[in-house]
Amino acid sequence: MIKLANDVRADLHSHTTASDGVLLPAELVREAAARGLTHIAISDHDTLAGIAPAQQAAHDHGIDVIPAIEVTCRSGEQEIHVLGLCIDANSADLIAFAGMVRRARYERYVAMVERLRDVCGLADLTVEAAVPVKEGSLGRPELARMLLEMKYVGRLQEAFDMWLGKGKPAFVPNSAPDVSEALAAIHGAGGASILAHCGLYRDGEALAARLLDQGLMGIEVFHPDHSVSRQERLLALARERKALVSGGADFHEHDSPKAKHFGRVYVGRTDLERLFEATN
Ligand SMILES: [Zn+2]
Ligand SMILES: [Zn+2]
């Protein structure tokens, strides 16, 4: 039986410069401690690179770092994110899997840029110009934003309507792995699989229930994008299915309106003890 102190405040979802966050791992850890958290999961998109530097900094700030990852995958045609909590950050298999996911995402992005140039007639568009400096979450929204910045479109939606939407000339299907592969990779590295921000998906609760049948271990109940009623429904589902309950601020940057949730969205002692027991 794992027994933690009473005053646990564990944020189980955050991002650093290793993916698309703006704080260095050490800066994120300092900020997390300053905001009163006792534990912080470093869960960058498809990379484990932020974990070791965060762990080194953690000693100085009296906070525990939980090694984690946020894996991009697919359920049917829908892209979803699955958190792997308490993973072995040195797992060669998980590192290779994450590299494969990043590569596939990059190649899809470049293929769409090339179609924009060669099929859609944006002759001046180059791959170098269209790939953002931060490659943390390359996808159609990022590409649409680049097209807006480069003034090829006047509104984001135009990019989808003309080129990037499904069935449009620059569309390339998502090549992220199936969720079953993501679950296997996370479990293989000793981690607990948690469906991230269920409230952002079509039929999020039905999806969560279905994935629990497929071996998903828990649900992210507490997230800045979840309404109170959404949290209540997700919590009821997790309790009914005896699944793990997770939560975190999904912190990326100070300038976001969501930044104020950092330090306020967390799980307490009971849920963290259950997570540790499930991954021990
Ligand atoms: Zn996510
Ligand atoms: Zn995230």
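General remarks:
- For the chain, radius of gyration divided by Kirkwood radius, i.e. Rg to Rh on alpha-carbons: 0.98
- Computed helical MRE - 222 nm, the chain, DSSP H runs ≥ 4 contributing -39500 (n - 2.57), nearest 500: -12000 deg cm²/dmol
- Note on the chain: with a GNM built from Cα contacts shorter than 10 Å, the maximum mean-square fluctuation among 197, 45, 59 falls on 59.
- The average projected area of segment 1-63, computed from the convex hull of its Cα atoms over all directions, is 4.6 nm².
- Rg/Rh for segment 54-116 stands at 1.12; both radii use Cα atoms, and Rh follows the Kirkwood definition.
- Pairs of Cα atoms in segment 107-203 fall into 5 Å distance bins, from 0 up to the last occupied one, in shares of 2, 12, 19, 21, 15, 11, 10, 7, 3, 1 percent.
- Counting neighbouring Cβ atoms within 10 Å and putting the fewest first, the residues 146, 1 line up as 1, 146.
- Dipole moment magnitude, nearest 20 debye, the chain about Cα centre, only Lys, Arg, Asp, Glu C-beta charged: 500 debye
- Binning the alpha carbon pair distances of segment 102-164 at 10 angstrom intervals from zero yields the distribution 23, 61, 15, 0, expressed in whole percent.
- Efficiency of FRET between residue 59 and residue 280 - r from beta-carbon atoms, R0 25 angstrom, step 0.05: 0.65
- Residue 180/residue 124 FRET efficiency (R0 45 Å; Cβ-Cβ; nearest 0.05): 0.60
- In degrees, nearest ten, helix 92-118 long axis to first principal axis of the chain (Cα): 20 degrees
None of the figures in this text is laboratory data; all of them are computed from the coordinates on show. The structure presented is a predicted model; accordingly, all values stated were derived computationally and were not measured. For neighbour counting, all protein chains shown are included, and Cβ atoms are generated from backbone atoms with ideal geometry for every residue, glycine included.
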